[in-house]
Amino acid sequence: MFVARRIPEEGLTTIAAACDADVWPDELPPPRDELLRRVAGCDGILTLLTDRVDDELLDAAGPGLRVVSNYAVGYDNVDVPACARRGVAVGNTPGVLTETTADLAWALLMAAARRVAEGDRYVRAGHWLTWGPLLLLGPDVHHATIGIVGFGRIGQAVARRAQGFGMDILYHDVAQLPDDVSGPLGATYVPLDELLRRSDFVSLHVNLTEETRHLINANTLATMKPTAVLINTSRGPVVDGAALATALRDGTIWAAGLDVTDPEPIPADDPLVGLDNCLIVPHIASASRATRGKMAAMAAANLVAGVRGEPLPTPVTADPV
Ligand code: DGY
């Protein structure tokens, strides 16, 4: 087995008990040629969202490969049909990171609206001279309208937080959810363009697919309110970053909070990095100690089951995130 990064002990212990695994020791991902070399002859590979699993990698692993266990709920880095063609099982880590990811989406929403990072920079730069009636004003979060795009597990967890803030909750997804799901959340289904037009806050929770790539682009941004705040904790390419930078600079929308960017890491000279109204954190939505431990345990369980030829506890499905 090859484990493409050191993961929390909750997973490494299970893997070590099952076999003598090769664990990549560095903080940075294995360079592509090293990854291809290391997987040769493996029966199982534990990958991260930074490792591309495609025909090239599957060829390099060879016919003995039985399982790819992705240490993430998202698996857009894995060519699942290519794995299926070779009889390679694919697992992911759904469910355990739902609340933790929603917490971070909420933190970004609050911080972008109330200019927390900007305020912190202001203080540290020595600019704080007095209490100011016009200093660092932002929109209210409470009782505003939130539009949640992608109403799976994480989107619904964000809706629960929005309920606590007395917000009007709109959602959009490929299909309208049954009333017994959306009703208790007080969430109303609307078409995407209506959601974008009406929302003060737009939070993205879709999988990255060909349909959702650049879902937020110059045209869709133009339909949003000039006071709107965009939050993205899904995948970077769901948003056209260049269009977002222009929209933030020109006042087409008011602010953004991003956990994910395209590419990752975002280059220091990317226009988004230079904007005070764009808050960016380094893809840490699931980064609580407890959640990363649970993800490790799940990914290890998938890996070990897969190499034994047993059904994976959590195989990838078309379920929403
Ligand atoms: C995921 O699991 O897909 C997140 O992006 C990382 O936890």
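What follows draws every value from the coordinates through simple rules; no lab data is involved. Keep in mind the model is a prediction, meaning the values are calculated, not measured. FYI the Cβ positions are ideal-geometry reconstructions off the backbone, even for glycines, and counts take in every protein chain you see.
Would you pick out the residues in region 185-218 that are surrounded by 24 or more Cβ atoms within 10 Å (Cβ to Cβ), more than 16 Å from the ligand (Cβ to nearest atom) and assigned to a loop (DSSP other than H, G, I, E, B)? Within region 185-218, just SER199 meets the criteria.
Of all residues in region 78-111 being in contact with a strand residue (DSSP E or B) (Cβ under 6 Å, 6 or more places away or on another chain) and within 15 Å of the ligand (Cβ to nearest atom), which is farthest from GLY44 (Cα to Cα)? Per the criteria, the residue is LEU108. Evaluate the following for GLU27: is it under 30 Å from ASP276 (Cβ atoms) and surrounded by fewer than 23 Cβ atoms within 10 Å (Cβ to Cβ)? For GLU27, the condition - under 30 Å from ASP276 (Cβ atoms) and surrounded by fewer than 23 Cβ atoms within 10 Å (Cβ to Cβ) - is met. Could you tell me whether ARG235 is of a type in the set (Lys, Arg) and surrounded by fewer than 17 Cβ atoms within 10 Å (Cβ to Cβ)? The answer is no for ARG235. Residues that are touching a residue at least 12 places away in the same chain (Cβ under 8 Å), surrounded by fewer than 20 Cβ atoms within 10 Å (Cβ to Cβ) and away from the ligand (no atom under 16 Å from the Cβ) within region 242-271 comprise ALA242, ALA243, ALA245, THR246, ARG249, GLY251, THR252, ASP270, PRO271, listed in sequence order.
Away from the ligand (no atom under 15 Å from the Cβ), crowded, with 23+ Cβ neighbours inside 10 Å and not acidic (Asp, Glu): is that true of GLY309 in this structure? No: the conditions fail for GLY309.
For region 284-301, the set of residues classified as of a type in the set (A, V, I, L, M, F, W, C) and in contact with a helix residue (DSSP H, G or I) (Cβ under 6 Å, 6 or more places away or on another chain) consists of ALA285, ALA296, ALA297, ALA299, ALA300, listed by residue number. Only residues that are part of a loop (DSSP other than H, G, I, E, B) and in contact with an Asp or Glu (Cβ under 6 Å, 6 or more places away or on another chain) were counted across region 78-96, and they come to 1.
In summary, LEU221 fulfils each of the numbered conditions (1) over 19 Å from GLU99 (Cβ atoms); (2) part of a strand (DSSP E or B) with the single exception of condition (2).
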